Amino acid sequence: MHEVEELPERAVVEIRSALVEGRRQVPRVGAVRAGPSGAIPFVVVDESDRPIEAFSVFLRDLMLTDMSLLTCRSYGNDLLRWWRLLRVLGIGWDRASRAEVEVLVSHMRSADNPQRRRSSSSGSSSVSSTTPGSVNLRTGKPALRQGYAPATINHALSVVSSFYAFHAQFGIGPVVNPVPVSSTRRGRLAHRSPLEPGREFRRAALRQKSVELTPRAIPDALADELAAMMRSSRDRALLAMFLSSGARASELLAVTGERVDWTRQQVWVVSKGTRALQPVPASPDALRLLAVYYDEHGSPAPGEAIWRTLRGTPRPLSYFAARRVLQRANSVLGTDWTLHDLRHTTIQRMTSDPQLSLTDVMAVSRHQHVASLDPYLRPSLEQIFDRLQRHYAEPRPTRTLTPGYDAEDFRTVFGG
């Protein structure tokens, strides 16, 4: 077990106050690194690059329960943040209490999120100039807040809670889980008839209120503008493939040469949730642009990623490089589209097509439950406002009498 240097009580009080008010950042010591084997794909290491055993045991258990690699890395990052906070406070993980969890939540609510910092071309980092809480007038999307999103805070609490629940099975750690549990948890898990409306339960203490935002699809006119901003055949092919397949960024970027089926006009991807190899459609235009990209840069061999860098030695295109393609276009167009907005756009287009059923959309989007499509079934703001503009432009209806009634009689009775 890692030893933690205990601090004087007065120093701890001052540090807690600074963390709660966001006046102090948690030192960025330690890291999440690749693990020694497939059983532990990621490990959390301290400032001396030594794996923290308590975290490694927990992450190993996650992999035994068939969690994905991305989930393991995500849990590792949340545990690293928790360990850094406890390190600053001089408290070992096995002696943490609700008071430390409250500091974690308060700090994440008030402190700046380092992920909001973008690296400039010169290599220095700077905070985005977008005002938090503002809305992009072209896309209608709200700007991200400088701090951590409510969903991020809730995810961190879930990870820390499950970590302590795991060790409590073996009599290790605090007797009481430091993360509060909802008093209505049993009611949430209770069986109910699917015909009954879902009940509303109070959030557990320290959990944040999350707002379910309607997915923002790219209107056709703005999608055409975005396509015109693509600088290379690779970028044009990648954008067209995103908009026709509905694949997630991580899925589409991992496609290899043998998984493009030109005859059936489909691409095989490894689904994020099930990790199964499944086909997604590709439009004729996307395949045409992909052929142009192949002609210019060569066809990939079996097992080789089809999306590659264009400068220097060809390497698989990373998520961050693909995101940078959109960011360059956004800076010119004044938009703030993301790679996941492309998936939203594809699903929105399919749900709006009367020729496609919901089961068709589920098959392409690979959603497991039809309820997942509920947000896409709502009319978009663009559609509503277009109908309203037509409504405003229509002449006001004129009142006419039903045939058989005399206008003079009406004026005598009702006046006017």
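The values are calculated or read from the model by the stated rules, or taken from the named source; none is laboratory data. Note that this is a predicted model, so its numbers are computed, not measured. Every residue, glycine among them, receives a Cβ derived from its backbone with ideal geometry; neighbour counts consider all protein chains shown.
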Within the stretch 261-276, is even one residue surrounded by 16 or more Cβ atoms within 10 Å (Cβ to Cβ) and over 26 Å from the mean Cα position of the chain (by Cα)?
no
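So that you can scan it fast, the table gives a plain yes or no per residue for (1) modelled with pLDDT of 95 or more; (2) of a type outside the set (Phe, Trp, Tyr); (3) surrounded by fewer than 19 Cβ atoms within 10 Å (Cβ to Cβ); (4) closer than 16 Å to residue 12 by Cβ:
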{"residue": "83", "(1), (2), (3), (4)": "yes, no, no, no"}
{"residue": "98", "(1), (2), (3), (4)": "yes, yes, yes, yes"}
{"residue": "101", "(1), (2), (3), (4)": "yes, yes, no, yes"}
{"residue": "119", "(1), (2), (3), (4)": "no, yes, yes, no"}
For the stretch 328-337, the count of residues that are crowded, with 16+ Cβ neighbours inside 10 Å and not in a helix (DSSP H, G or I) equals 3
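Is it the case, given these coordinates, that residue 73 is closer than 27 Å to residue 145 by Cβ and of a type outside the set (S, T, N, Q)?
Working: closer than 27 Å to residue 145 by Cβ: yes; of a type outside the set (S, T, N, Q): yes.
In short, yes.
Go over the candidates 157, 239 one by one and state the one that is hydrophobic (A, V, I, L, M, F, W, C), at negative phi, in the same structural domain as residue 305 (by TED's automatic domain parsing) and modelled with pLDDT of 90 or more. Outline the logic, then answer.
Numbers: 157 fails: in the same structural domain as residue 305 (by TED's automatic domain parsing).
Just a single option satisfies the conditions, and that option is 239.
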Within the stretch 159-173, restricting to residues that are β-branched (Val, Ile, Thr) and in a helix (DSSP H, G or I), the one that is surrounded by the fewest Cβ atoms within 10 Å (Cβ to Cβ) is 159
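Do you know which residues across the stretch 91-107 are part of a helix (DSSP H, G or I) and not aliphatic (A, V, I, L, M)? Can you show your working first?
At the first step, the residues of the stretch 91-107 found to be part of a helix (DSSP H, G or I) are 93-95, 98-107.
Answer for the stretch 91-107, where residues must be part of a helix (DSSP H, G or I) and not aliphatic (A, V, I, L, M): 93, 94, 95, 98, 100, 102, 106, 107.
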Per the filter on the stretch 240-252, residues in a helix (DSSP H, G or I) and either closer than 16 Å to residue 291 by Cβ or touching a strand residue (DSSP E or B) at 6+ places or on another chain (Cβ under 7 Å) (or both) are 240, 241, 244, 245, 251, 252
Report task. Would you mind stating whether residue 275 is under 27 Å from residue 376 (Cβ atoms) and of a type in the set (Lys, Arg)? Result -> yes
Conditions (1) within 21 Å of the chain's Cα centre (by Cα); (2) farther than 18 Å from residue 242 by Cβ; (3) free of Cβ contacts under 8 Å to residues at least 60 places away in the same chain; (4) assigned to a loop (DSSP other than H, G, I, E, B) -> residue 367 fails only (2)
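Does at least one position in the stretch 374-386 carry a residue that is in a loop (DSSP other than H, G, I, E, B) and in contact with a strand residue (DSSP E or B) (Cβ under 8 Å, 6 or more places away or on another chain)? Step through it out loud before you land on a result.
Going residue by residue through the stretch 374-386, those that are in a loop (DSSP other than H, G, I, E, B) are 378-380.
From the residues that got through so far, the ones that are in contact with a strand residue (DSSP E or B) (Cβ under 8 Å, 6 or more places away or on another chain) too are none.
No, the conditions are met nowhere in the stretch 374-386.
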Of those in the stretch 362-416 that are among the β-branched types (Val, Ile, Thr) and over 20 Å from residue 212 (Cα atoms), the residue surrounded by the most Cβ atoms within 10 Å (Cβ to Cβ) is 364
